[in-house]
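S.K.: The following block contains the structure, expressed as structure tokens.
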Amino acid sequence: MDTVGCAGILVADTVCGPMDSLPEEGLLLAIDSLPTTAGGCGANVAIGLAKQGIATDVAGRVGDDPSAQVILNELNRFGANTDRITVSETQPTSQTIILLVRGQDRRFIHVVGANKEFAVSHIDREWAAGLKVLYLGGLFVLPAIQMDELADLFAFCREQGVVTMLDVVISLQNKGMNGLETVLPYVDYFTPNDDEAELLTGLADPLEQARAFQACGAGTVIITQGKHGALALRGKDVWRANAFSVDAVDPSGGGDAFDAGIVTGIVRGWDMPQMLAYGAALGASATLAPGTTTGVFTADEAEAFLAGHALAVTHETLA
């Protein structure tokens with residue numbers, strides 16, 4: 001059985017809302033529920049893949065606290081293997097409170113916690129060598145990951161025939177490549193969104209962004225653009241895909257669900273248009289319910305959705 005390794009940030013997300021407005025100072029707002037679930041790139045992609053019936057191992061770091069049990073229980077509930085998750089003796093599990101107000105962008109209150117300790121050394125090479133795909137999500141909010149060490153790990157994966165995928169999380173205060181060019185020559189799939197790509201490259205156009213990452217050595221570059229779809233660049237081939245229009249409740253986790261769709265396509269040997277359509281379907285589904293993974297389609301749900309919804313994907317060859 002092909003197994004995918006999902007490494008990266010692990011977060012216990014508490015979802016507050018959606019609500020019509022935040023309470024005024026000193027007032028109480030009653031809501032129907034305040035669920036805490038697994039979140040963070042590593043957990044989100046793992047759960048998305050598990051819903052597609054793909055065997056998944058998770059590598060990350062949590063604290064020794066109840067929030068860690070929320071993450072582990074949720075991953076185990078979907079059948080993801082948590083044996084590669086390590087426990088910090090000094091840091092709490094990372095947590096985020098997601099505030100959802102109808103008609104407004106999300107607000108986040110975040111504790112970095114044990115994610116600050118997760119390092120390349122926590123990714124066992126013998127384990128990595130046996131994977132079909134190794135995904136790492138949350139680069140740039142994992143301060144213990146050194147670029148030269150990550151480049152060496154991904155180079156090892158290439159030698160072993162393991163496909164690598166890299167995604168990032170970048171704050172508005174961080175601009176420039178910050179050593180990413182050291183890693184990109186060993187990255188088979190690089191999947192930032194257009195805002196992140198602009199912070200990295202200083203370029204606003206998604207095609208120019210993708211070409212800049214390609215010039216640094218990245219294999220396939222996929223730039224997600226929210227409601228504007230996605231652009232993929234491989235060699236001189238460019239694909240542009242629209243996004244599915246859905247009644248979004250919470251956009252949290254949409255990019256991670258899209259990544260799960262792309263990884264699904266890698267495992268199943270699909271061509272780029274099919275991968276982009278499946279990624280778009282999973283990405284759209286993630287927005288249908290509060291939280292990062294609650295709404296993500298299963299394989300049967302995704303196939304039924306795609307059977308009834310066409311997605312335009314165009315192709316061109318660069319000169």
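The values are calculated or read from the model by the stated rules, or taken from the named source; none is laboratory data. Please read these numbers as outputs of a predicted model, since none were measured by experiment. So basically every Cβ, Gly included, is an ideal-geometry build from the backbone, and we count neighbours across all protein chains shown.
S.K.: Residues that are buried (at least 16 other Cβ atoms within 10 Å of the Cβ): list the helices (runs of 4 or more DSSP H) wholly contained in the stretch 119-227 that include at least 2 such residues.
M.R.: Fully inside the stretch 119-227 and qualifying: 147-159, 180-183, 194-201, 206-215.
S.K.: So, in the stretch 278-301, exactly how many residues are among the aliphatic types (A, V, I, L, M), buried (at least 23 other Cβ atoms within 10 Å of the Cβ) and outside any helix (DSSP H, G or I)?
M.R.: 1
S.K.: Here is a follow-up. I want to confirm something. Restricting to the stretch 2-27 and keeping residues that are under 23 Å from the mean Cα position of the chain (by Cα) and in a loop (DSSP other than H, G, I, E, B), which single residue is surrounded by the most Cβ atoms within 10 Å (Cβ to Cβ)?
M.R.: Result: 10.
S.K.: Can you name the residue in the stretch 29-48 that is touching a residue at least 40 places away in the same chain (Cβ under 8 Å) and surrounded by fewer than 24 Cβ atoms within 10 Å (Cβ to Cβ) and is also farthest from residue 4 (Cα to Cα) among such residues?
M.R.: 35
S.K.: Check the stretch 180-190 and report whether any residue there is over 21 Å from residue 317 (Cα atoms) and either under 16 Å from the mean Cα position of the chain (by Cα) or modelled with pLDDT under 95 (or both).
M.R.: Checked the stretch 180-190: at least one residue is over 21 Å from residue 317 (Cα atoms) and either under 16 Å from the mean Cα position of the chain (by Cα) or modelled with pLDDT under 95 (or both).
S.K.: Could you check the stretch 107-118 and list, in sequence order, the residues that are over 16 Å from residue 171 (Cα atoms), part of a helix (DSSP H, G or I) and not acidic (Asp, Glu)?
M.R.: Those that are over 16 Å from residue 171 (Cα atoms), part of a helix (DSSP H, G or I) and not acidic (Asp, Glu): 113, 114.
S.K.: Just checking, how many residues over the stretch 55-73 are buried (at least 17 other Cβ atoms within 10 Å of the Cβ), charged (D, E, K, R) and free of Cβ contacts under 8 Å to residues at least 40 places away in the same chain?
M.R.: 1
S.K.: When the residues of the stretch 302-319 are narrowed to those that are in contact (Cβ under 8 Å) with a residue 24 or more places away in the chain and assigned to a helix (DSSP H, G or I), which ends up nearest to residue 277 (Cα to Cα)?
M.R.: My answer is 306.
S.K.: Taking the stretch 91-118 as the search range and keeping residues that are touching a residue at least 24 places away in the same chain (Cβ under 8 Å) and over 17 Å from residue 12 (Cα atoms), which one is surrounded by the fewest Cβ atoms within 10 Å (Cβ to Cβ)?
M.R.: 102
S.K.: If we scan the stretch 241-253, do we find a residue that is in a strand (DSSP E or B) and either closer than 27 Å to residue 131 by Cβ or in contact with a helix residue (DSSP H, G or I) (Cβ under 6 Å, 6 or more places away or on another chain) (or both)?
M.R.: Among the residues of the stretch 241-253, at least one is in a strand (DSSP E or B) and either closer than 27 Å to residue 131 by Cβ or in contact with a helix residue (DSSP H, G or I) (Cβ under 6 Å, 6 or more places away or on another chain) (or both), which makes the answer yes.
S.K.: For the stretch 61-105: of the residues being within 21 Å of the chain's Cα centre (by Cα) and small (Gly, Ala, Ser), which is nearest to residue 32 (Cα to Cα)?
M.R.: My answer is 67.
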